Amino acid sequence: MRIEVKELGFVYSPKSPFEKVALDDITFTVNEGDTLGIVGSTGSGKSTLCRHFNALIRVQRGEITVGEIRLHAKKVDLKTLRKNVGMLFQFPEYQLFADTVKKDVEFGPLNFGFSAEEADAAAREALELVGLDFDEVASKSPFELSGGQMRRAAIAGVLASRPSVLVLDEPTAGLDPRGKREILELVTALKAGVTGTVIIISHNMDEIAEFCNRVVVLENGKLLADTTPDELFNRSDIVERTELDYPHTVKIKRLLAEKGVFIDSSALNADELSAAIAGRFKA
Amino acid sequence: MNEEKSDACGKETAPLPEKENDFTTELPSGTGTPSDNAPVIKAEGVTYSYRSGEQVSRGVTGVSVEIYPGEFVVILGRNGSGKSTLAKLLNGFLVPDEGVVTVNGTDTADDDKIFKVRSEVGMVFQNPDNQMVASVIESDVAFGPENLGVPREEIETRITEALEIVGMESYRKGSPNRLSGGQKQRIAIAAILAMRPEVIILDESTAMLDPKGRREIMETILKLKNEKGMAVVLITHYMDEAIGADKIYLMCDGEAIASGSPREVFSNEEAVRLAGLELPVAARVSLNLKKAGLDVGFALTDEELAEEICALK
């Protein structure tokens, strides 16, 4: 599903002493099949932007079109929109609420008008997708699960409504390295079959480098860049001014270049970089 | 196992000892070699299990730890490895089922002396929002010393000092609500510092922060160690944060499966793999290159790796 954002602006508490411009004249397009990273320092407007995508925040100025749905229209079919745009907030495990995992995961589908059987099937499928054993966890309290499992259960809750766009606000924050990798691999697997389009907010440039095909950079509510990770990390002006980090692979390549060793490769993960370096020195 | 591996690594990089010196001088050195003194915290063969009804789940098994004055110690491990349990045992939050934990010689199992133990070992937790008790920052920092019965004038001095070291003195009269996560965590650290502990334990205090917040906390830790000579224990699953440590305990399934300097622990591939952690990118690349038959020594940081590679020319 395609998302078009045109000249989007947003002001918190307008016309009050606390007035704050959160978004200013943002224009970009998310194509079907994209894994789009949204980066920028804290307070740059990333979350405000994403909350527009399923109309948790109504459009104040500008236009957003999600598939066929025009969010800037007077009347928006919220039910269809929210079924199609699944949103996972930061630390989603804090949003689990029901007394069993099954009820928690079924909550969305039931609200979107699935029948009891359909919701049950959807919950089963979603839990399997995130790698939890339905029979084992279904009747457990979500609070008996481990941290990583809770996050998976929360993701299952979003997936159960079968969204075609998945918006993830820092999906790996606070997880250990293996938990992180599991979530990111899950997202990659979901993209292959379930949700065509994924939008990820992240502070972790190693993740952006490895998993996203496109990235937009926000700074103080303005769109600073709409590019690919590889291009972005070549733009030291942007990276440094927004206090983003470089992925380690890029740092290593830059350090080597300073010393006169040029690695001609767009490798953004450790193994590819190793191969590129080995190739250069063995030749 | 640990020793063997680090030796093997040492042989390949002939100038290793020198390098290690280089590395430690990068992080300004603390209060001399800690091993001359007695440890502030000593845990010997500590075991602890959680019980709820019939269910018993293991926290830690047979772990021994020594924390010396002025040391920066990292307890590293994935979620559920027992690292937080270990942290809570170190200041008497939990009392071991087996084994003994002493703080300056005082047994943490001694109920009468628990306040002494807690005033000597302070703890900062994961979620910065859960640790604020007051609506004005200076009152938040004053909360600890007030409870210890410190006189008012003295408290004022302590607030100033504590906020200065975490770099938040200009926020003194402000409210904690509008602070970033990193700033809130620094206030939480100041609130502990105001009680003048000898050791500060940070239990995953960087896990919920963005990279900038994490950097702020890491800088604060080094300042505490270098300027105040305090011992700092950081519980984390980020290997990056452990690179500057004096000593690492690597936890896995409730046991400390490796310990030593970052170089010793990280070059122990087997232990790192068992613990389910990911090596820093530089370390991974250096190991890959060695496997590919290049003469590259084990590198911890991006800078070290770049130097190793340039030496190939």
- Query: Across segment A:264-283, which residue is farthest from A:Ser236 (Cα to Cα) among those that are more than 7 Å from chain B (Cβ to nearest Cβ) and polar (S, T, N, Q)?
  - Reply: A:Asn269
- Message: What are the pairs with Cβ atoms under 8 angstrom where one residue, in segment A:135-149, is under 9 Å from A:Val101 (Cα atoms) and the other, located anywhere, is in a loop (DSSP other than H, G, I, E, B) and of a type in the set (Val, Ile, Thr)? Sequence gap at least six, or different chains.
- Response: A:Ala138/A:Thr100; A:Ser139/A:Thr100; A:Lys140/A:Thr100; A:Ser141/A:Thr100; A:Pro142/A:Thr100
- If you go through segment B:232-241 one residue at a time, do you hit one that is open to solvent by 20 Å² or more (accessible area, probe 1.4 Å), farther than 30 Å from A:Lys282 by Cα and within 14 Å of chain A (Cβ to nearest Cβ)? yes
- Message: Show me the helices (runs of 4 or more DSSP H) found entirely inside segment A:172-263 where at least 2 residues are within 13 Å of chain B (Cβ to nearest Cβ) and open to solvent by 60 Å² or more (accessible area, probe 1.4 Å).
- Response: A:177-193, A:248-258
- Note on the structure: Note on segment B:110-144: residues part of a loop (DSSP other than H, G, I, E, B) and within 14 Å of chain A (Cβ to nearest Cβ) are B:Phe125, B:Gln126, B:Asn127
- When you go through (1) away from chain A (no Cβ under 14 Å); (2) of a type in the set (A, V, I, L, M, F, W, C); (3) without any contact (Cβ under 8 Å) to a residue 40 or more places away in the chain one by one for B:Ala191, which number turns out not to apply? (3)
- Message: Can you find, within segment B:256-313, the residue that is surrounded by the fewest Cβ atoms within 10 Å (Cβ to Cβ) among those that are within 7 Å of chain A (Cβ to nearest Cβ), in contact (Cβ under 8 Å) with a residue 12 or more places away in the chain and more than 18 Å from B:Gly244 (Cα to Cα)?
- Response: B:Leu312
- Item | Residue count, segment A:97-121 (criterion: of a type outside the set (A, V, I, L, M, F, W, C) and part of a loop (DSSP other than H, G, I, E, B)) | 4
- Restricting the search to segment B:204-229, which residues are within 14 Å of another protein chain (Cβ to nearest Cβ) and open to solvent by 10 Å² or more (accessible area, probe 1.4 Å)? B:Glu204, B:Met208, B:Leu209, B:Asp210, B:Pro211, B:Lys212, B:Arg214, B:Arg215, B:Glu216, B:Met218
- Query: Quick check: anything in segment A:140-159 closer than 27 Å to B:Tyr238 by Cα, touching a strand residue (DSSP E or B) at 6+ places or on another chain (Cβ under 8 Å) and not acidic (Asp, Glu)?
  - Reply: yes
- Take segment A:88-111 and flag every residue that is more than 14 Å from chain B (Cβ to nearest Cβ) and open to solvent by 60 Å² or more (accessible area, probe 1.4 Å). A:Gln95, A:Phe97, A:Asp99, A:Lys103, A:Phe107, A:Leu110, A:Asn111
- Task: Give the number of residues within segment B:127-186 that are crowded, with 21+ Cβ neighbours inside 10 Å and touching a residue at least 60 places away in the same chain (Cβ under 8 Å).
- Result: 2
- Task: Scan segment A:1-55 for residues that are in contact with a helix residue (DSSP H, G or I) (Cβ under 7 Å, 6 or more places away or on another chain), closer than 24 Å to A:Lys191 by Cα and away from chain B (no Cβ under 14 Å) and jot them down.
- Result: A:Met1, A:Thr35, A:Gly37, A:Asn54, A:Ala55
- Message: Suppose we filter segment A:14-44 for residues that are open to solvent by less than 60 Å² (accessible area, probe 1.4 Å) and either part of a strand (DSSP E or B) or more than 30 Å from A:Tyr246 (Cβ to Cβ) (or both); how many remain?
- Response: 13
- Among the residues of segment B:79-95 satisfying the criterion of being in contact with a helix residue (DSSP H, G or I) (Cβ under 6 Å, 6 or more places away or on another chain) and surrounded by fewer than 23 Cβ atoms within 10 Å (Cβ to Cβ), which is nearest to A:Arg178 (Cα to Cα)? B:Asn79
- Return the pairs, sorted by first residue and then second, in which the second residue is open to solvent by less than 20 Å² (accessible area, probe 1.4 Å) and in a helix (DSSP H, G or I), the first residue lies in segment B:218-244 and is touching a residue at least 24 places away in the same chain (Cβ under 8 Å) and within 15 Å of B:Ala207 (Cα to Cα), the beta carbons are less than 6 Å apart, and the residues are 6+ apart or on different chains. B:Ile235/B:Lys83; B:Ile235/B:Ala87; B:Ala242/B:Pro262
- Message: Every residue in segment A:30-54 that is among the β-branched types (Val, Ile, Thr) and over 15 Å from the mean Cα position of the chain (by Cα), please.
- Response: A:Thr42
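The values are calculated or read from the model by the stated rules, or taken from the named source; none is laboratory data. In this text, all values refer to a predicted model and were calculated from it rather than measured experimentally. In this analysis, Cβ positions are derived from the backbone assuming ideal geometry, glycine residues included, and neighbour counts consider all displayed protein chains. The accessibility values were calculated without ligands, DNA or RNA, using every heavy atom of the protein model including side chains. Shrake-Rupley method; radii C 1.70, N 1.55, O 1.52, S 1.80 Å.
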